[in-house]
1. Determine the per residue accessible area of the range B:177-316 with all protein chains present and a 1.4 angstrom probe, expressed in square angstrom.
2. Mind listing the Cα extents of chain B along all three principal axes, in Å, largest one first?
3. Which whole number gives the average, over all residues in A:284-296, of C-beta atoms from other chains lying within 10 Å of the residue C-beta?
4. Can you find, among B:Leu181, B:Leu202, B:Gly212, the residue farthest towards the positive end of the dipole of the range B:177-316? Put +1 on the C-beta of Lys and Arg, -1 on that of Asp and Glu.
5. What quantity of accessible surface, computed with a 1.4 Å probe and excluding non-protein components, is buried in total between chains A and B, in Å² to the nearest 100?
6. Keeping all protein chains in place, calculate the accessible area per residue for the range B:98-161 (probe 1.4 angstrom), answer in Å².
7. Out of the total accessible area of the range B:177-316 (probe 1.4 Å, heavy atoms of protein only), what percent is carbon and sulfur?
8. Using just the helices of the protein assembly as shown, give the 222 nm mean residue ellipticity in deg cm²/dmol: DSSP H runs with n ≥ 4 each add -39,500 (n - 2.57), and the total is spread over all residues, rounded to 500.
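The values are calculated or read from the model by the stated rules, or taken from the named source; none is laboratory data. Just so it is clear, the structure is predicted and the values come from calculations on it, not from any experiment. A quick note on method: Cβ atoms are made from the backbone with ideal geometry, for glycine too, and the neighbour counts reach across all protein chains shown. Please note that ligands, DNA and RNA were not included when accessible areas were found on the heavy atoms of the full protein model with its side chains. Shrake-Rupley method; radii C 1.70, N 1.55, O 1.52, S 1.80 Å.
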Amino acid sequence: MDQSVVIEHPELLAALRRVLPAGALLTMAEDTQPYECDGLTLIRQRPMAVALPVTEGQVAEVLHLCRAFGVPVVPRGAGTGLAGSALPHAGGVLLSLARFNRILAVDGPARTATVQPGVRNLAISEAAAPLGMYYAPDPSSQIACTIGGNVAENSGGVHCLKYGLTLHNVLRVRGYTMAGEAVEFGGLALDAPGLDLLPLVIGSEGMLAVTTEVTVRLVPKPQLARCIMASFADVADAGDAVAALIGAGIIPAGLEMMDQAATRLVEPFANAGYDLDAAAVLLCESDGTPEEVDDEILRMTDVLRGARATRIQVSRDEAERLLFWAGRKNAFPAAGRAAPAYYCTDGTIPRKHIGTMLRSIQDMERRYGLACPNVFHAGDGNLHPLVLFDDADPDSVARAEAFGAEILEESVRLGGTVTGEHGVGMEKLNQMCSQFDEPSLAAFRGVKRAFDPDGLLNPGKVVPTLHRCAEYGRMRVKAGNLPFPELPRF
Amino acid sequence: MDVFVAQCIDRVREAAARGSALRIRGGGTKDFYGNLPVGERLDTRPYAGIVSYDPSELVVTVRAGTPLAELESLLASQGQMLAFEPPHFGAGATVGGCVAAGLAGPRRASSGTTHGSVRDFLLGASLLDGRARVLRFGGTVMKNVAGYDVTRALAASMGFLGLILEVSLKVLPRPRAERTLRFEFDEFAALARLNAWAGEPLPLSASCWEAGVLHLRLAGAMPAVDAAARRLGGEAADAQAAEGFWRAMREQESAFFSGGAPLWRFALPSTAQPLGLEGGSCIEWGGAQRWQRTDLAADVLRTRAASLGGHATLFRGGARESGVFTPLSPALLAIHHRLKDEFDPARVFNPGRLVPGL
């Protein structure tokens, strides 16, 4: 994509200037440049303008005007998304919710917090901490990512096996449709009349409504958490151990796996004490009351021993528990240090296929000539392979993209999904054609029209066009049913 | 293609061409619920059976006409359960009806791992819509954000978008221990206690207050249940009696539900003050669901519910023809209208059952 091309619309810009406060409309290239991509840096595009409204009234006005002029709007939070959901439109307005950054209410007795979308995920837990509560979903980017973005992506984290995704922890979303009309999804009760539209809006990647207020559930902070670090001589054994834990009726608070390449990548960075001789390391956490945790740690230890763990270490105190997690949580920065660039994908597969998937990835490493350490949310089968590449070398970039695409195709083949928590955005449009048949994709387009009849809110993301899927189908057939490594993918 | 599905496709096409309606029905145990059903009956029961079940994946995929009791006994044989503890309201309840009605039982508002609504545990579905398309959404994995989450919008949809053919549900291990405690509290004190306890890390799995008595169910690891019981006090109920108590609550078989006046369901923030209506409420879900038998007019009850931050549904009996659910805001109604146009333009499936006129 040629990012120099920006479509101008002086009439709209003049109208926007009238409704927005001074400094809340950016149009100069040097001002809009920082918004040219989100966490998916492979695709960039400057928007025509960036609007930074402060009030709901201004959001409504921006939407009204853009709709009247037929100009697309792309909402954006902190821009930490990894799939390009917040990629600007060349002829569009980027609507930043960054200034909606107030915590409106923390209601202790009701266990809820009502916040503006620009509030950071971690800031909610910090505000609830004095009440002994927190907001459970904890994506790795929680220091920076905003709740508005979490709602857009239905973000997960390392504890969602036990505590659920964003969807399970949000009661109410207030927002505006592209028509500039205020609308509330869900409510302060546990359900609301009519169709439950909350699950459509949560995870819609900013394509159905612009979020201006969110009410989340707060949960009591567990009294205690302890973590087991278990080593395995074979990744298949580690995969079996995951199934054995679940089969024994245990739902760990967190269950994460790292392969040897990953532990060797992060250990120098985190000094977490990972067993670097192990083919795979599992982190298995228990939380709750001290009685509950003692009981569960014993049971987990038994199951892991029975599942051929070669070494088991239980965190003795909170500092050691955090150290065990430090490596896992810093896997991305460590990858950034080990290679000029890395590309993280997000397929999810049934847990029983973890071993198969890891073998396929090893085979791909050889074929594409790129290393790929694996960290993943083993408890829910959500993979985060980190393809290491050189972004200064176009051939390396093309191979990395093709590698990522093949992992996603393999996820679909194994009965999984192309995205567990990062979203489709621009990144996985092609693979959506593999995961869904045309009638189901057509139904998604129908959902989009029902919320946004003119197709102006974040257009072109998530749901591929019929034409795109036809092209992708032809490309895959030509390449012998595998993505063609030489073709540029975006 | 399966014969039943092929027949349904033909019936949808015929109904759309003739401008007639189809009324989706499994065991008919929820005929009483929702706006008045209309249209020619489409019996889902021939489409039955467990498609796949792998206990270590915590997922079961099942056809909509499968008896709910059959699914629950299969899960129980592996020490697992449907974590939303659905009411059956009769022997013939099917999985499809359970999902379409979207009703959850006492475990709905439990703490910890279970968030408890039908929607929360729905992972995938296939749907025959009013355009006679067989659509597939979601899947069998816990985390899946590919495309809009139409699957979860099917819970409590009352057939609005079409005929649910198959669903994949997340299941959970049965708790290793359960205990029911009994307390005597007035309504204000019970609500205050329930909300305070819910803010503490306690293994609560159900609550019910009625006529001065609060029942509280704890569930989890034995040491955790023991510790919580010591901490909370109250009087421990006999295990078998407790099981019967919670079953009767789930199935609305207790004395409270046997009266003659219309039964209203209030969904409110758990901290909302008592309804203060004659006859008294039965309170579940830590205060978030309240039942009331009353002859008072719908608009009076809806106004009261709205002033408390929630909504009221005419659950059983009364004047169903004037609409049992709280009317939608104009903005939401417009979205419902367009969604119905997209999925069922000829208004074949369950017209008016969820939203009057749609």
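1. Normalised by residue count, the accessible surface of the range B:177-316 is 40 Å².
2. Result, largest extent first: 63, 50, 35 Å.
3. Numbers: counts 0, 0, 1, 2, 10, 12, 3, 10, 11, 3, 3, 6, 4.
Across A:284-296, the average partner-chain Cβ count within 10 Å equals 5.
4. Farthest towards the positive end: B:Leu202.
5. Chain pair A/B: roughly 6400 Å² of buried accessible area.
6. On the way: 1100 Å² over 64 residues.
About 17 Å² of surface per residue is accessible.
7. Accessible surface attributable to carbon and sulfur in the range B:177-316 totals 53 percent.
8. Values: 27 runs with 280 residues, N = 848.
My calculation for the protein assembly as shown gives -10000 deg cm²/dmol from helical runs alone.
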